[in-house]
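*Asks:* To start, I am sharing the structure in question, which I have written as structure tokens.
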Amino acid sequence: MEGAELAGKILSTWLTLVLGFILLPSVFGVSLGISEIYMKILVKTLEWATIRIEKGTPKESILKNSASVGIIQRDESPMEKGLSGLRGRDFELSDVFYFSKKGLEAIVEDEVTQRFSSEELVSWNLLTRTNVNFQYISLRLTMVWVLGVIVRYCVLLPLRVTLAFIGISLLVIGTTLVGQLPDSSLKNWLSELVHLTCCRICVRSLSGTIHYHNKQYRPQKGGICVANHTSPIDVLILTTDGCYAMVGQVHGGLMGIIQRAMVKACPHVWFERSEMKDRHLVTKRLKEHIADKKKLPILIFPEGTCINNTSVMMFKKGSFEIGGTIHPVAIKYNPQFGDAFWNSSKYNMVSYLLRMMTSWAIVCDVWYMPPMTREEGEDAVQFANRVKSAIAIQGGLTELPWDGGLKRAKVKDTLKEEQQKNYS
């Protein structure tokens, strides 16, 4: 009995601390400064670790790592410049060397598939997963790493799991209850309150530190918010600062439970990626949604898949064909504190969340950008590319023309023919 009473007291004390120092501030959108202190200590620790690593690593290795994080160093000059020396004379057998070189570079390390794996770090952040080939450098650094493991798994993980469980449970229960109410302004207000509160709790379960810029450009009702896509938590990051009607693919498991609950309280649009009939229905519903200026802005990720936050890939034109005002948003995560990228082909949702919750923190910047509309004589593809370029420039990301669907599908014949025409 004494053991049960002690366990009960510990549990009640734990929940009281969580309620008083985290949950209540989340409801009112305020911070007690605890996360700021934690981030300052973390930054100082990682700076010290970086200095120790640089002192204990041979200079040749440092130069090699700082020169390039890729496997090869390629010539980034355009193809026209590379072929300029081959023009003005007859064909020679040596002319094929240029094409062979480009082909081998693409086979060894192309610019597309590396966007579907975690970003390489220049300096180790004291997480084992980012330094598989870790070598002993110093006793002091090893002790700090061991202390970090204890803090992350024995202190932060239980706290974060508790917060995530509370946040997700409240979201499912709250949206289900609100969904039973008749359509009214009260229902909309309660739905926004539930979404904002639960998303703030879930962000704090990841020790999220978000810096919002240019808040005067926040998406307005009746508009369409488009952003680059790195992770499912992109939704949490944006919804912490405002509510959205979401559009996305139907998921199974934990994600599916959350989606089915959320759609009861808010007109989110979920569709099967493989069913084209649903796409036409989605387009129709989106047009109806933006026609009502009282409805929440629609949140769309036009890339259609998660990219590792180093680049922005092709935006699907469907989001830009329905008309309305586009509100671009650029999201950039800091990989030094934790990797936010979700490699869905490698990790399921629960495994991914476990990796996130055992990271140091999730730190990111969000830039709201001036609204954009389709110009006269501009088709949907050109408009999508213009918005994509603006997001890439603002977020400091590489702009790529390739389709993110290459993550799971083969290259389309049209893309192959386009490259062949360029070479010919």
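What follows draws every value from the coordinates through simple rules; no lab data is involved. Keep in mind the model is a prediction, meaning the values are calculated, not measured. Virtual Cβ from ideal backbone geometry, glycine too; neighbours counted across all protein chains shown.
*Asks:* Three principal axis extents, largest first, for the C-alpha atoms of region 139-406, in Å?
*Replies:* 65, 45, 38
*Asks:* Are any of the pairs Lys215/Lys388; Lys287/Lys346; Lys215/Lys294; Lys40/Lys295; Lys187/Lys388; Lys9/Lys332 more than 30 Å apart by Cα-Cα distance, and if so, which?
*Replies:* Lys287/Lys346; Lys40/Lys295; Lys187/Lys388; Lys9/Lys332
*Asks:* Another question about this same structure. Which order do peptides 163-169, 49-55 fall in by mean Cβ count within 10 Å, highest first? Provide the component values of the computation, followed by the final result.
*Replies:* Numbers: 163-169: 17.9, 49-55: 14.6.
Most protected by this proxy first, the peptides run 163-169, 49-55.
*Asks:* Here's another thing I want to ask about it. Taking 25 Å as R0, compute the FRET efficiency from the Cβ-Cβ separation of Ile41 and Asn334 and round it to 0.05.
*Replies:* That pair, Ile41 with Asn334, gives E of 0.95.
*Asks:* Based on the mean of other Cβ atoms within 10 Å per residue, sort peptides 373-383, 356-366 so the most packed one is first.
*Replies:* Descending packing order for the listed peptides: 356-366, 373-383.
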